[in-house]
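Readers should treat all values here as calculations from the given coordinates under stated rules, not as data from a laboratory. Note that the structure is predicted; figures quoted are calculated from it, not measured. Neighbour counts are summed over all protein chains in view; Cβ atoms, including those assigned to glycine, are modelled from backbone coordinates with ideal geometry.
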Amino acid sequence: MKWMRLALVLACVISVPLFAADRTFDLTGWAAWVDPNSSGTFNSPAPNQPFDVDFDGKLGYGIGANIFFGDHVSAAFDIVQVRPETNIRSHAVGGAGAFSNGLRMTPLTGVLQWHFAPSGFIDPYIGAGAAYVLFDKANVFGTPNLNRIDFKDDVGLALNGGVSFRLTRMLALTADGKYVPLKSSAKAVFTNGTTTTKVKINPVIFSGGLQLRF
């Protein structure tokens with residue numbers, strides 16, 4: 001019985017790289033919670049009227065492709081689009097809050113990943129790479145002077161970690177997390193001029209997805 005157990009363990013160990021070698025490409029559909037983890041202060045052209053802006057996380061959607069180079073190393077490329085809620089409040093005495101149509105963010109990430117058990121039922125992985133974040137302007141309503149806020153597209157580091165759970169040979173569920181520290185240039189456009197500041201935007205992206213493996 002002891003030898004049969006050892007033979008079974010040995011067979012499982014040998015079969016891991018053989019099965020992993022067949023995994024060459026993953027396609028994943030993502031539901032992603034994106035928290036910009038950001039706030040900033042702008043100085044209005046009008047005296048003594050600075051205002052704060054901060055962003056609340058929101059759910060978005062995306063798609064990803066993962067290309068394997070051997071058993072454990074892969075290159076993952078993901079794109080997610082989300083429109084975080086934008087909160088704006090003036091420093092003026094009795095200053096009321098304004099609202100906007102939301103700042104649309106589109107993080108594009110390319111990450112080199114290391115998979116600890118690519119053929120296992122549970123495959124944890126870590127990775128690092130680069131991110132390029134696209135921003136659309138946020139139009140502002142409810143304030144007589146401020147029209148919109150423009151953010152400059154920015155590039156930065158992307159740190160990644162996650163785990164996938166195999167359902168069948170070709171299907172898996174994946175939980176993924178990314179941290180993207182950035183410092184984007186933001187411009188507030190007023191009716192009587194503009195003001196520019198640097199805003200730290202450190203998006204944290206938590207994603208869950210259904211993965212199709214080839």
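General remarks:
- Within-9-Å neighbourhood charge of THR174 [Cβ basis; K, R +1; D, E -1]: -3
- Table column - 3J(HN,Hα) (Hz), segment 57-68, Karplus curve with 6.51, -1.76, 1.60, x for Gly and Pro: x, 7, 7, x, 9, x, 8, x, 10, 10, 10, 8
- Note that segment 123-136 has calculated 3J(HN,Hα) couplings of 10, x, 8, 10, x, 8, x, 10, 9, 10, 10, 8, 10, 9 Hz, one per residue in order, obtained from phi through the Karplus relation 6.51 cos²θ - 1.76 cosθ + 1.60 (θ = phi - 60°); glycine and proline are x.
- Inter-centroid distance (Cα atoms) of segment 106-161 relative to segment 165-204, Å: 4 Å
- Set of aspartates and glutamates with alpha-carbon distance to LYS152 below 13 Å, sequence-local pairs under 8 removed: ASP136
- Violating pairs (Cα-Cα greater than 21 angstrom) within the set LYS137/LYS198; LYS58/LYS198; LYS58/LYS187: LYS58/LYS198; LYS58/LYS187
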